[in-house]
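To start, the structure under review is shown below, and the notes come after it.
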Amino acid sequence: MAELLALDKVTAGYGESIVLEDVSFTLNEGDSLALLGRNGVGKTSLLVTLMGLTRLHGGGIRWAGSDIARMPTHRRSRAGLGWVPQERHMFPSLTVEEHLTVVARPGRWNLQKIYEIFPRLAERRANMGNQLSGGEQQMVAIARALMTNPRILLLDEPMEGLAPIIVQELVRVIRRLVQEEGMSVIVVEQHARLALSLTQRAIVLDRGRIVHDSDSASLLADGDKLDRLVAVA
Ligand SMILES: Nc1ncnc2c1ncn2[C@@H]1O[C@H](COP(=O)(O)OP(=O)(O)OP(=O)(O)O)[C@@H](O)[C@H]1O
Ligand SMILES: [Mg+2]
């Protein structure tokens with residue numbers, strides 16, 4: 001498969017402060033990556049850096065063969081980076097369907113296909129953003145990113161704060177995206193075992209650096225190591 005994303009010694013942060021150091025990895029089209037680590041180690045900052053919202057102090061970011069290190073956020077989105085932020089950013093006065101149609105770009109993901117994988121959103125299509133449960137908001141957030149027809153989905157703790165039944169529903173969707181639709185994804189998750197079960201590859205961050213990089217199955221099989229890497233001290 002062709003290379004989609006390559007980070008080469010990325011060092012980045014907010015203003016003068018540095019929160020990511022010397023981060024390098026490559027993803028090919030169709031790859032699925034779990035990005036793990038304790039609170040505050042830089043997982044969100046890494047996704048935000050891919051979107052161009054931190055200060056890049058050093059290193060390079062290549063996307064589909066082009067250097068995007070200086071590309072503004074809206075152009076990265078148009079170039080196929082589908083970001084689902086940790087905060088879900090609903091518009092209270094837009095309906096579910098409006099949330100989806102305002103960002104739509106041509107491609108295989110359209111309303112019909114979204115409503116097929118998220119039947120609950122079909123039922124709620126006329127509800128306003130402020131009339132949705134947390135789980136429904138997360139579904140809208142993922143669906144909205146899919147409607148841009150991205151080449152990669154960047155999911156920042158999609159299960160955070162959601163009831164187990166909704167988590168199951170989202171797991172089903174993400175598994176389908178990865179395994180049946182061949183979607184490239186980076187999923188940041190506190191539930192490490194869940195994230196490992198959904199992905200092929202895993203990277204663990206600690207204080208802004210990569211401290212582990214392997215296939216997901218082998219990390220899942222080594223429970224002691226996993227606990228050492230991600231468990232809350
Ligand atoms: N906008 C910001 N300005 C300054 N520092 C920030 C900003 N956002 C995050 N940081 C700092 O960057 C570091 C990494 O934070 P980040 O949010 O990327 O971690 P995280 O791994 O996503 O944590 P969590 O699991 O809590 O979501 C932390 O020290 C945090 O305080
Ligand atoms: Mg975060």
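What follows draws every value from the coordinates through simple rules; no lab data is involved. Keep in mind that what you see is a predicted model, and the values were worked out from it rather than measured. Here the Cβ is made from the backbone with ideal geometry for all residues, glycine too, and neighbour counts use every protein chain on show.
Considering Cα pairs under 8 angstrom that are at least six residues apart, work out the relative contact order of region 76-152 and quote it in whole percent.
About 53 percent, as a whole number.
The Cα atoms of region 143-191 give a gyration tensor whose axes a ≥ b ≥ c have a/c of 1.5 or more with a/b greater than b/c, which makes the shape prolate.
Convex hull volume of the C-alpha atoms in the chain, normalised per residue: 124 Å³.
Charge dipole of the chain (Cα centre as origin; +1 on each Lys and Arg Cβ, -1 on each Asp and Glu Cβ, all else neutral): 500 debye, rounded to the nearest 20. Taking a ≥ b ≥ c as the square roots of the eigenvalues of the Cα gyration tensor of region 127-171, is the shape rounded (a/c under 1.5), prolate (a/b larger than b/c) or oblate? Because a/c hits 1.5 or more and a/b fails to exceed b/c, region 127-171 counts as oblate. For H57, the amide hydrogen comes within under 5 Å of the amide hydrogens of T11, A12, G13, counting only partners 5 or more places away or on other chains and with H modelled in the peptide plane. Dividing the mean sequence gap of close Cα pairs (under 8 Å, 6+ apart) by how many residues the chain holds gives a relative contact order of 26 percent. Whole-percent P(r), region 48-179, all Cα pairs, 10 Å bins from 0: 12, 42, 33, 12, 1. Return, ordered by residue number, the residues of region 190-204 whose backbone nitrogen is under 13 Å from a label point located 7 Å along Cα→Cβ of M1. Correct set: 199-202. The alpha-carbon atoms of region 89-137, seen along their principal axes, cover 28, 20, 16 angstrom, with the largest extent given first. Note on K225: lysines with a C-alpha under 30 Å away, same-chain residues under 8 apart excluded, are K9, K43.
In plain terms, the chain from V102 to A221 could stretch by 38.5 nm, reckoned as 0.36 nm per residue minus the Cα-Cα distance. Straightening the chain between M128 and E180 buys 15.6 nm, computed as 0.36 nm per residue apart minus the Cα-Cα spacing. Between amide H atoms placed 1.01 Å from N, distances below 5 Å from I152 occur with G82, all of them 5 or more places distant or on a separate chain.
Principal axis extents of the C-alpha atoms in region 186-230 (largest first, rounded to whole Å): 24, 23, 17.
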